[in-house]
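The values are calculated or read from the model by the stated rules, or taken from the named source; none is laboratory data. Because the structure is a prediction, the values reported are computed rather than measured. For neighbour counting, all protein chains shown are included, and Cβ atoms are generated from backbone atoms with ideal geometry for every residue, glycine included.
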Amino acid sequence: MTRFIDVHSLVRLVDETGVPEFLVTLADALRDDFLRWREFDKKARVASHSHLGVIELMPVADDGAYAFKYVNGHPHNTQVGLPTVMAFGVLAEVDTGYPVLLSELTLTTALRTAATSAMAAKALARPDARSLALIGNGSQSEFQALAFHALLGIEQVRVFDIDPRATDKLVRHLAACTPMEIVRADSTAEAVRGADIVTTITAYQGHATVLTPDMIEPGMHINAVGGDSPGKTELHPDVLRGARVFVEYEPQTRIEGEIQQLAPDFPVHELWRVLLGEVPGRERPEQVTVFDSVGFALEDYTALRCIQQLALERGVGRQIALVPELDDPKDLFGLTASGRRRAVLRRAA
């Protein structure tokens, strides 16, 4: 049987654990898996694009487990009452191919994205960073703020969105669950002024210039999250040219990330090499660093493994017959009505 974690089960796991604690657990597990990067069979996600959005499959495996995520990105969805991003995922045994877990990944994607962002910032931002600017205050913004508070000790969050209702929502939620100082800004430029870390997490489906060179200050760390598909970016190219740039999986980021705007030989560094100590992260305090984050399948693998462990420990979720359970593994037809009738006739004879 396959363990099934629906939205209600995942919410129970998060609530019982606590959002900050869940984010810290994820970040620790992500770091552990990034440190064994070479053990994974990796590939860029498979994407099907339309004029309204994208649907993607994201696979990855090690010697023991195979995982994939189905995820979409449709910025217009909020106009018809649907989330911009929806996702589910499967974890299976490599040796047998048997699916051991089917789980929601919409809420989980927000959690793992925030945990990855904070994990990367711990390695790349200045150690004394205490203020965060959040540009784009949609469905992932609270998780970003809480992850940076829990993992980096961020004390102030400066927020801006072109939709004031999104900012209203973010301010209301953060005020109720965190001691961070919340500063509401009237523009992107105002929000990032003086910020140690800037997270851009907008949903615009096109080449945007959310951050321009005149907004960048020495020593900033930029966490570029929203640009995650071909033709979708948030940073002016000169912001990248003036920074030391880090990525998850270079072949995928060259196609989908901020660096799609630059020459194919523009130098970038994969984050796992920094975590292993193979290449330096920030080289000096005044250097500008960019984590060009597009989301990679390994992060969903980690999230699914964490969900599986927590669900087993707490008895959350239910068992479902996602694949047939057969007395005779060669007799699939026996599940059908015709097959059952034949079996009855044989027994009667």
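Pairs only if they're at least six apart or on different chains, beta carbon under 8 angstrom, first in segment 1-30 and part of a helix (DSSP H, G or I), second of a type in the set (Phe, Trp, Tyr) and surrounded by 14 or more Cβ atoms within 10 Å (Cβ to Cβ); list them, first residue then second.
Listed by first residue and then by second, the contacts come to LEU13/PHE22; VAL14/PHE22; VAL19/PHE143; LEU23/PHE143.
Go through segment 198-216 and report how many residues are at pLDDT below 95 and over 14 Å from ILE259 (Cβ atoms).
Adding up the residues that qualify gives 7.
Got a number for residues in segment 268-316 being assigned to a helix (DSSP H, G or I), of a type outside the set (A, V, I, L, M, F, W, C) and in contact with a Gly (Cβ under 8 Å, 6 or more places away or on another chain)?
Counting residues in segment 268-316 that are assigned to a helix (DSSP H, G or I), of a type outside the set (A, V, I, L, M, F, W, C) and in contact with a Gly (Cβ under 8 Å, 6 or more places away or on another chain) gives 1.
Go through (1) among the hydroxyl-bearing types (Ser, Thr, Tyr); (2) touching an Asp or Glu at 6+ places or on another chain (Cβ under 6 Å); (3) over 18 Å from PRO75 (Cβ atoms) for THR178 and report which single condition fails.
Unmet for THR178, out of (1) among the hydroxyl-bearing types (Ser, Thr, Tyr); (2) touching an Asp or Glu at 6+ places or on another chain (Cβ under 6 Å); (3) over 18 Å from PRO75 (Cβ atoms): (2).
Quick check on segment 62-80: of everything there that is in a loop (DSSP other than H, G, I, E, B) and modelled with pLDDT of 95 or more, which residue is surrounded by the most Cβ atoms within 10 Å (Cβ to Cβ)?
ASP62
Mind listing whichever residues of segment 171-220 are within 17 Å of HIS236 (Cα to Cα) and of a type in the set (Ser, Thr, Tyr)?
Passing the criteria: SER187, THR188, THR199, THR200, THR202, TYR204, THR209, THR212.
Considering only segment 314-331, state which residues are surrounded by 11 or more Cβ atoms within 10 Å (Cβ to Cβ), within 38 Å of the chain's Cα centre (by Cα) and without any contact (Cβ under 8 Å) to a residue 24 or more places away in the chain.
Passing the criteria: only LEU326.
Would you say ILE154 is at pLDDT 95 or above, assigned by TED's automatic domain parsing to the domain that holds PRO267, touching a strand residue (DSSP E or B) at 6+ places or on another chain (Cβ under 7 Å) and of a type in the set (A, V, I, L, M)?
Yes; evaluated as a whole, the condition is true for this residue.
Looking only at segment 31-45, decide whether some residue is closer than 22 Å to HIS173 by Cβ and surrounded by 20 or more Cβ atoms within 10 Å (Cβ to Cβ). If you could, list the steps in order and put the result at the bottom.
So the first thing to find is which residues in segment 31-45 are closer than 22 Å to HIS173 by Cβ, and the list is none.
No, that holds for no residue.
So which of ALA175, ALA114, ALA166 is touching a helix residue (DSSP H, G or I) at 6+ places or on another chain (Cβ under 7 Å) and either part of a helix (DSSP H, G or I) or without any contact (Cβ under 8 Å) to a residue 60 or more places away in the chain (or both)?
On the way: ALA175 fails: touching a helix residue (DSSP H, G or I) at 6+ places or on another chain (Cβ under 7 Å); ALA166 fails: touching a helix residue (DSSP H, G or I) at 6+ places or on another chain (Cβ under 7 Å).
Answer to the check: ALA114.
ASP265 passes all but one of (1) acidic (Asp, Glu); (2) part of a loop (DSSP other than H, G, I, E, B); (3) under 20 Å from ALA125 (Cβ atoms); which number fails?
(3)
Only one residue in ALA311, ALA263 is surrounded by 17 or more Cβ atoms within 10 Å (Cβ to Cβ) and among the aliphatic types (A, V, I, L, M). Which one?
ALA311
Of the conditions (1) outside any loop (DSSP other than H, G, I, E, B); (2) over 20 Å from GLU250 (Cα atoms); (3) without any contact (Cβ under 8 Å) to a residue 40 or more places away in the chain, LEU57 satisfies every one except a single condition; which number is it?
(2)
Just the residues that are surrounded by 23 or more Cβ atoms within 10 Å (Cβ to Cβ), modelled with pLDDT under 95 and in a loop (DSSP other than H, G, I, E, B), please, taken from segment 217-253.
GLY226, GLY227, ASP228
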